[in-house]
Amino acid sequence: VVFRGGALNVTTEAIFVGHGWVDAESGVDDYQGLDVKGKVVFMKPGTPDNQNPYEIFQIGAKKMALAKERGAVGVVELFRVNFPWRFFKSYFNKERLEKGDEESDDSGQDDIFYAFIQEEKPNPIIDMENGQPLVITLENTGVQSQKIYAPNVVGVLEGSDPALKDEHILISAHYDHVGVGKQGGGAITPQDSIFNGARDNAIGTVALLAAVKSLVQNPPRRSVIFLACTGEEIGLLGSKYYVENPLVPLEKTVFNLNNDGGGYNTTEHISVIGYDLTDISEELEMAARAFDLSVIRDPAPEQGLYERSDNISFARKGIPAIDFAPGVTAMDAEIMKYYHQVSDNPETINFEYLLKYCQAFSHAARLISDRDKRPAWTPGVPYEKK
């Protein structure tokens with residue numbers, strides 16, 4: 001699966017560089033003592049201390065830049081990842097969007113070759129990994145790219161407490177879904193090819209608007225940033241862009257209350273993904289009880305849901321963050337019936353539950369914004385170091 005690079009036809013030496021990672025703070029330099037100028041570097045995925053599949057796919061641009069700085073003409077990451085190759089190939093080996101750079105060239109032709117490869121047998125890469133020289137021919141017709149624009153939508157409400165209004169609670173929900181036809185990844189029918197995304201994430205977007213309406217009528221003590229993110233479904237692009245280009249300095253943003261879910265199979269609960277990561281559990285429980293709902297803590301932990309929505313963009317910057325979601329007891333058939341399917345339409349929604357859900361979310365936003373103590377990470381949480 002080729003990600004970057006212009007037209008190329010080169011025969012050169014391939015060299016194995018471990019993870020291809022450099023980090024002065026931890027003393028890691030996988031390029032130490034190696035001359036990679038004019039060569040193609042092969043590397044293991046991720047970093048020496050991080051093999052999370054989602055993190056692996058996030059840091060590819062950084063690893064490509066490290067190789068380019070040292071004169072390599074190409075980067076090939078080995079797909080030694082706990083993630084199905086067929087899904088990876090299906091998702092990335094087609095037209096796609098990624099967060100761009102305002103100053104970058106539209107074409108992407110200046111980038112070095114960068115790809116993932118699934119190893120086969122016999123596998124000469126193993127010999128190279130063990131120190132044997134390997135000469136390869138690398139041919140690429142060139143990845144074509146162009147710059148497009150997609151907006152985040154942002155509003156800021158000033159807080160009512162002079163002592164606290166300089167602190168901001170950021171409330172977010174993504175407003176994009178997965179498109180039309182085969183882009184959606186679900187079963188289309190002759191009658192319907194539009195993925196409307198009523199559950200994912202029109203519910204979250206409606207809840208965000210409900211919170212806007214409630215908080216504007218009676219502003220809370222802290223200031224509130226309302227952020228409707230674009231491009232979540234194609235790599236959290238909107239929230240990634242915002243944390244690099246914040247409209248309010250990140251040091252003044254003290255919490256992210258994100259709202260995103262894949263559906264619901266209970267109308268008596270809300271779900272909180274990242275429940276134990278921060279100290280706002282009391283406010284979340286109070287908000288749910290006020291509308292006769294209960295809290296499900298971190299449903300489907302095997303799915304890695306915390307890393308799969310916009311809250312992770314803020315957590316990686318050290319801002320305490322959770323994902324507030326509709327009630328899920330398990331990723332069962334009821335969830336998958338609608339998740340990324342053309343059947344996820346407004347008429348299938350339980351609107352009585354949606355009302356209570358939006359009320360609970362708005363109330364949680366107010367309670368967090370009004371509390372005396374600034375929200376904080378639970379001690380020892382990895383993101384706390386940021």
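For residue 253, nonlocal amide neighbours, meaning residues 5 or more places apart or on other chains whose placed amide H falls under 5 Å from its own, are 168.
Counting heavy atoms of the protein chains alone, residue 383 has an accessible area of about 40 Å² for a 1.4 Å probe. Kirkwood hydrodynamic radius of region 38-172, from the reciprocal of the average inverse Cα-Cα distance over all distinct pairs: 18.4 Å. Phi-derived couplings, Karplus 6.51 cos²θ - 1.76 cosθ + 1.60 at θ = phi - 60°, listed residue by residue for region 115-126: 8, 9, 9, 8, 6, 10, 10, x, 10, x, 5, 4 Hz, with x used for Gly and Pro.
Stretched out straight at 0.36 nm per residue, the stretch from residue 87 to residue 292 would grow longer than its current Cα-Cα span by 69.8 nm.
Annotation: amide H-H contacts under 5 Å for residue 174 (H modelled 1.01 Å from N, sequence separation of 5 or more, or interchain): 229, 259. In this simple spin-label approximation, residue 8 and residue 250 carry label points 7 Å from Cα along the Cα→Cβ vector, and these lie 3.0 nm apart. Segment residue 134..residue 32, full-extension length gain: 34.8 nm, with 0.36 nm per residue of separation and the alpha-carbon distance subtracted. Only Lys, Arg, Asp and Glu carry charge here, each on its Cβ (+1 for the first two, -1 for the last two); on that basis the chain has a dipole of about 180 debye about its Cα centre. Relative to the Cα centre, the charge distribution of region 122-231, modelled as +1 at Lys and Arg Cβ and -1 at Asp and Glu Cβ, gives a dipole magnitude of about 480 debye.
If you keep only loop residues by DSSP, which chymotrypsin sites (Phe, Trp or Tyr not before Pro) in region 125-219 have at most 10 other Cβ atoms within 10 Å of their Cβ?
Working: sites: 149, 175, 195; in loops: 149, 175, 195.
Answer by residue number: 149.
For the chain, hydrophobic long helices are taken as DSSP H runs at least 27 Å long by C-alpha position along their axis with mean Kyte-Doolittle hydropathy of -1.0 or more; these are 351-370.
Solvent-accessible area of the chain (1.4 angstrom probe, protein heavy atoms only): carbon and sulfur portion equals 52 percent. Look at the dipole of the chain built from charges on Cβ: of 303, 8, 377, the Cα furthest out on the positive end belongs to 8.
With a Förster radius of 35 Å applied to the C-beta separation of residue 25 and residue 121, the computed FRET efficiency comes to 0.35.
Across the chain, the volume of the C-alpha convex hull divided among the residues equals 157 Å³ per residue. The value obtained for region 249-355, namely the Cα convex hull volume divided by the number of residues, is 116 Å³ per residue. Shown for region 32-130: lysine pairs separated by 8 or more places, or found on different chains, whose C-alpha atoms are under 16 Å apart, numbering 7.
Using only the heavy atoms of the protein chains and a 1.4 Å probe, how would 21, 377 rank by accessible area, largest first?
Working: 21 45, 377 25 Å².
Accessible-area ranking of 21, 377, largest first: 21, 377.
For the chain, the residue among 88, 149, 22 whose Cα projects farthest onto the positive side of the dipole built from Cβ charges is 149. Accessible area per residue for the chain is 49 Å², calculated with a 1.4 Å probe on protein heavy atoms, without ligands, DNA or RNA. Placing unit charges on each Cβ (+1 for Lys and Arg, -1 for Asp and Glu) gives the chain a dipole about its Cα centre, and among 171, 335, 193 the Cα reaching farthest toward its positive end belongs to 193.
Taken as Cα centroids, region 35-53 and region 286-344 sit 33 Å apart, rounded to the nearest whole angstrom. The number of Lys pairs in region 333-386 with C-alpha atoms less than 30 Å apart, excluding pairs fewer than 8 positions apart on the same chain, is 4. For region 133-204, what class follows from the C-alpha gyration tensor (a ≥ b ≥ c being the square roots of its eigenvalues): rounded when a/c is under 1.5, otherwise prolate if a/b is larger than b/c, else oblate? Taking the square roots of the gyration eigenvalues as a ≥ b ≥ c, region 133-204 is oblate.
The values are calculated or read from the model by the stated rules, or taken from the named source; none is laboratory data. Just so you know, these numbers come straight off a predicted model, no measurement behind them. No Cβ is skipped: glycine too gets one built from the backbone with ideal geometry, and neighbour counts run over all protein chains shown. Note: areas computed on protein heavy atoms with side chains; ligands, DNA, RNA excluded. Shrake-Rupley method; radii C 1.70, N 1.55, O 1.52, S 1.80 Å.
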